[in-house]
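Structure, as structure tokens:
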Amino acid sequence: MFSKKYTKLNNKQYLYNTYVVKKKSLTDIQREVNCKSSNSVRQALIYHSIPVRNVSEGLCISNEKLVLDLDIINGSLLGDGFLSVWNKDSDKSYPVFQKKNKFKTHIQYVAKQLLPNTYKECIKAEVCRCNNKQLTYWRFNTKVQQSLSSLYGLWYPGGVKHIPNDIMPTSKLLLHWFLDDGSTSWRHRKHKHHTKTTVRLTFSSQSFIPEEQEILRDKVNKTFNLHMSLRKTNSGTGYVLAIPETKTNMFFDIIGPPPVPELAYKWKRRPNERETQARL
């Protein structure tokens, strides 16, 4: 007999059905049994030779299943998103997916697609200081997800972030990558009788080594014929990926209209010659 005071803890079948079959937590069972501590439930499980879940497994049990949309997740991982695990040396430590942005609507747009029912509780405000200014960012943080384990292995071999060799670019992936790390700027070049306005479109990909960027570039060009190229920069690994000015309108046709109003400023379309002259 394990306990004289809490008779339900002596019932192995009850514990098995409640903990293993119904997948209730130690705390849930503690409330049912009305004992003082969830550790009493844990000790009862051990006494009856019922395997106790580790922390990651426990979080997964009470967690909404992540919608494993690889286009959204991979697109975000090319940008500001990241995966992390509590214990990199344990096979039982599962990853979490995180990303943050100063626009709450952007974070909500991503989170709602991945966790439709519980996304609101996974978004928190985060205050930080930059250039002596206090800024508020919004962070989306899932609970641990066993389904992300294989993805973590592809993106973080050796614990360092790399672009997986088997990544496949799609229009949705390009959209989420652009929402995170894409940028556009106007360039005004003066000619003899007029000023030509062009658009520069780049991705802040300088955290990835050039060889990985080249593989991604070739896949994007093969799929969409966007003539993407590497462009030198003074930061990171020395190169970023860019779309030529002649292909910017095609790029925006591929990814579609801006889904987040606050980020619509990035959608700078290439003006034609008549539009350019009309501005003068």
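Read-outs: derived from the displayed coordinates by stated rules, not from any lab. For clarity, every value in this text was computed on a predicted model and none was experimentally measured.
Would you please classify the overall shape of the stretch 179-279 from the alpha carbon gyration tensor, given that a ≥ b ≥ c denote the square roots of the eigenvalues, rounded means a/c under 1.5, and beyond that prolate means a/b larger than b/c while oblate covers the rest? Mind dumping the intermediate values first?
Numbers: a/c = 1.85, a/b = 1.52, b/c = 1.22.
Prolate shape, in that a/c is at least 1.5 and a/b is the bigger ratio.
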Relative to the compact-globule estimate 2.2 N^0.38 Å (N residues), the Cα gyration radius of the stretch 119-207 stands at a ratio of 1.60
Under the rule rounded for a/c under 1.5, else prolate if a/b exceeds b/c, else oblate, using alpha carbon gyration tensor axes a ≥ b ≥ c, the stretch 87-141 is classed as oblate
To the nearest 10 degrees, the tilt of helix 104-114 (Cα long axis) against the first principal axis of the alpha carbons of the chain is 60 degrees
The number of Lys pairs in the stretch 7-52 whose alpha carbons lie under 15 Å apart, excluding pairs fewer than 8 residues apart on one chain, is 5
Relative to the chain, whose Cα atoms define the longest principal axis, helix 171-181 and its Cα axis are tilted in degrees, nearest 10, by 90 degrees
At the level of C-alpha centres, the distance separating the stretch 25-41 and the stretch 127-184, in angstrom, is 38 Å
